[in-house]
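So the structure is just underneath, and the comments pick up after that.
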Ligand SMILES: Nc1nc2c(ncn2[C@@H]2O[C@H](COP(=O)(O)OP(=O)(O)OP(=O)(O)O)[C@@H](O)[C@H]2O)c(=O)[nH]1
Ligand SMILES: [Mg+2]
């Protein structure tokens, strides 16, 4: 029997961006989302590295969910080709909806893990930090964030302009949404694990890239831990960050400002 790509892809949820409660006591420990757009050059390596790493601590007790926005380089198809070698892998291809934050939420919606995580697929987030994030979740906290701005953290080769933009974005956040932004040293991180119970049944509505801000603002997040990591340079593929992401960030901050109690 042969399978078509459509049989192998996981269906894309529609409607509200709400994460359901845990359904089964046999759920895996972790559902980790890899949002992708033109990451064909990285996808095989990141899946291999993550599976090797996670198998050492939670052997097959996790799922990796690639959520691809119909990349012109067919990242989703390349990911599907890896399925026979990686039983923990699941692949979603979105054609109707776009954007990093909603990709993460759609992935979490189909994920069945008790813990929900996200990591970039371009190997800029050092995979081994995931083990520290997982370990700190064992202490019962709600959110574990890989942070560039705590001990052990940093950025590798960012020029002054990029550092300025990143810090400027954080300052802007402090002005517009202080009660959320002050809770984290690195509120712009895109590498973290959150407990499902802290965000289940809450309607999320992010704009753009910064899913951590949405989770911290709307979730039932009490205890947070931040673990240092160094944001690596891209080795392959191209960045998707443009001015559009800065504008969307601003829109997102204002949207939260006017919708939070
Ligand atoms: N599904 C989906 N994934 C995206 C989208 N935009 C970016 N991504 C993925 O999100 C991750 C982060 O995007 P990058 O463009 O690398 O952003 P960045 O790491 O903050 O910035 P750089 O340092 O410039 O690479 C990567 O895995 C991208 O492939 C999108 O619109 N949809
Ligand atoms: Mg990147």
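The values are calculated or read from the model by the stated rules, or taken from the named source; none is laboratory data. On a predicted model such as this, the values are computed, not experimentally measured, just so you know. Every residue, glycine as well, gets a Cβ built from its backbone with ideal geometry; the counts of neighbours run over all protein chains shown.
Taken over segment 43-98, the residue count meeting the criterion of being within 16 Å of ligand 2 (Cβ to nearest atom) and out of contact with any helix residue (DSSP H, G or I) (no Cβ under 8 Å at 6 or more places or on another chain) is 5.
Residue-wise test of (1) out of contact with any strand residue (DSSP E or B) (no Cβ under 8 Å at 6 or more places or on another chain); (2) within 16 Å of ligand 1 (Cβ to nearest atom); (3) part of a loop (DSSP other than H, G, I, E, B); (4) at pLDDT 95 or above.
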{"site": "113", "(1), (2), (3), (4)": "no, no, yes, yes"}
{"site": "117", "(1), (2), (3), (4)": "no, yes, no, yes"}
{"site": "122", "(1), (2), (3), (4)": "yes, yes, yes, yes"}
{"site": "125", "(1), (2), (3), (4)": "no, yes, yes, yes"}
{"site": "133", "(1), (2), (3), (4)": "no, no, no, yes"}
{"site": "145", "(1), (2), (3), (4)": "no, yes, no, yes"}
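Quick check on residue 146: is it surrounded by 20 or more Cβ atoms within 10 Å (Cβ to Cβ) and either in contact (Cβ under 8 Å) with a residue 12 or more places away in the chain or under 21 Å from residue 249 (Cα atoms) (or both)? In short, yes. Only residues that are more than 14 Å from residue 148 (Cα to Cα), free of Cβ contacts under 8 Å to residues at least 40 places away in the same chain and surrounded by 12 or more Cβ atoms within 10 Å (Cβ to Cβ): list them for segment 163-178, please. Within segment 163-178, 174 is the sole residue that qualifies. On the stretch given as segment 81-109, residues that are touching a strand residue (DSSP E or B) at 6+ places or on another chain (Cβ under 7 Å) and either within 15 Å of ligand 1 (Cβ to nearest atom) or under 25 Å from residue 207 (Cα atoms) (or both) total 14.
Specify the residue that is surrounded by the fewest Cβ atoms within 10 Å (Cβ to Cβ); the eligible residues are those in segment 211-247 that are at pLDDT 95 or above and within 16 Å of ligand 2 (Cβ to nearest atom). The residue in question is 230.
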